[in-house]
Amino acid sequence: LPLLWIILASLDKNAAVGVKIPSTWTLENFRAVVGSSQNRMAFLVGLILSLGQTALVVIVTAMASYPLSRYEMKHKKSFMYTVLFMSSLPITTVMIPVYRLFVTMRLMDNLFGVILFMTASSLPYGIWMMKNFMDTVPIELEEAAWVDGANTAQSIIHIVMPLMLPGLCTIAIFTFSGSWGNFFVPYILLQSADKYPASVRLYQYFGQHGVNYGQLAAYSLLYALPSIALYAISQSFMSKGFGLAGGMKG
């Protein structure tokens, strides 16, 4: 019902709280949302933050997961449990020291600083997940490549990464969705209204004199499209990755 309300209300000029069929269908709500330069800038900033964080998280977790999966280290289990514990910390508990750190380092109201912090906050869970995906890739495939003369870098690029595509896509979708829907961190660490991402700009429709439900629904529908598009695009890569998973049987 909430999803049905979003679709119907976005096409209703006189949308209200309840779910109802519009008496007159219109695209005026979408025109108002897209026609606002502030909304367009908010979507652009949101994409910059989310794509920047996603790229960094995927790269760093892929680099960290390989030695954690392939090499025996003395304190690896303790390290992994520490990483798991860090992923359970609520973001609100660390925002006060992070805010102080950003003020000291003059990173307040800086998009790159926000990307760095959001990346750091996503790394613990991302490393844990990526390491589990890496464990499923048979090391015998790499050993066969080494016998044929490949070095470690070549085996990672040509053997491991293709088999890791489902894991990489999963981490990318998880990170992008979390970043795209993150309201609290940008709201605290960004001070200029023109730097607010779409997740924060959504709050503009809740005014002191009521809520514009039609534009709120249209904005919400447009706001959901990037995550849906990323999931749809990644499906082809995930299917290719699963198709390579039977390489050992060949």
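Could you look through region 83-140, keep only residues that are assigned to a loop (DSSP other than H, G, I, E, B) and not hydrophobic (A, V, I, L, M, F, W, C), and pick out the one that is surrounded by the most Cβ atoms within 10 Å (Cβ to Cβ)?
It comes out as 110.
What are the residues in region 180-193 that are part of a helix (DSSP H, G or I), loosely packed, with under 13 Cβ neighbours inside 10 Å and of a type outside the set (Gly, Ala, Ser), if any?
Of everything in region 180-193, just one residue is part of a helix (DSSP H, G or I), loosely packed, with under 13 Cβ neighbours inside 10 Å and of a type outside the set (Gly, Ala, Ser), namely 184.
Restricting attention to region 55-82, and to residues there that are of a type in the set (Lys, Arg) and in a helix (DSSP H, G or I), which single residue is modelled with the highest pLDDT?
70
Of the residues that make up region 156-165, is at least one part of a helix (DSSP H, G or I), within 25 Å of residue 66 (Cβ to Cβ), touching a Leu at 6+ places or on another chain (Cβ under 6 Å) and open to solvent by 60 Å² or more (accessible area, probe 1.4 Å)?
No, there is no match, as no residue in region 156-165 is part of a helix (DSSP H, G or I), within 25 Å of residue 66 (Cβ to Cβ), touching a Leu at 6+ places or on another chain (Cβ under 6 Å) and open to solvent by 60 Å² or more (accessible area, probe 1.4 Å).
Restrict the check to region 218-226 and report whether at least one residue is closer than 20 Å to residue 118 by Cα and crowded, with 16+ Cβ neighbours inside 10 Å.
Within region 218-226, one or more residues are closer than 20 Å to residue 118 by Cα and crowded, with 16+ Cβ neighbours inside 10 Å.
Inspect all residues belonging to region 75-82 and state whether any of them is surrounded by 14 or more Cβ atoms within 10 Å (Cβ to Cβ), without any contact (Cβ under 8 Å) to a residue 24 or more places away in the chain, more than 22 Å from residue 204 (Cα to Cα) and of a type in the set (D, E, K, R).
Yes, region 75-82 contains at least one residue that is surrounded by 14 or more Cβ atoms within 10 Å (Cβ to Cβ), without any contact (Cβ under 8 Å) to a residue 24 or more places away in the chain, more than 22 Å from residue 204 (Cα to Cα) and of a type in the set (D, E, K, R).
Looking only at residues in region 194-203 that are in a helix (DSSP H, G or I) and in contact (Cβ under 8 Å) with a residue 40 or more places away in the chain, which one is most open to solvent (accessible area, probe 1.4 Å)?
Looking at residues that are in a helix (DSSP H, G or I) and in contact (Cβ under 8 Å) with a residue 40 or more places away in the chain, I get 194.
Go through region 1-46 and count every residue that is open to solvent by 80 Å² or more (accessible area, probe 1.4 Å), assigned to a loop (DSSP other than H, G, I, E, B) and among the polar types (S, T, N, Q).
Here the count works out to 3.
The values are calculated or read from the model by the stated rules, or taken from the named source; none is laboratory data. The shown structure was predicted, so the numbers you read here are calculated from the model rather than taken from an experiment. So basically every Cβ, Gly included, is an ideal-geometry build from the backbone, and we count neighbours across all protein chains shown. Surface accessibility is based on the protein's heavy atoms, side chains included, excluding ligands, DNA and RNA. Shrake-Rupley method; radii C 1.70, N 1.55, O 1.52, S 1.80 Å.
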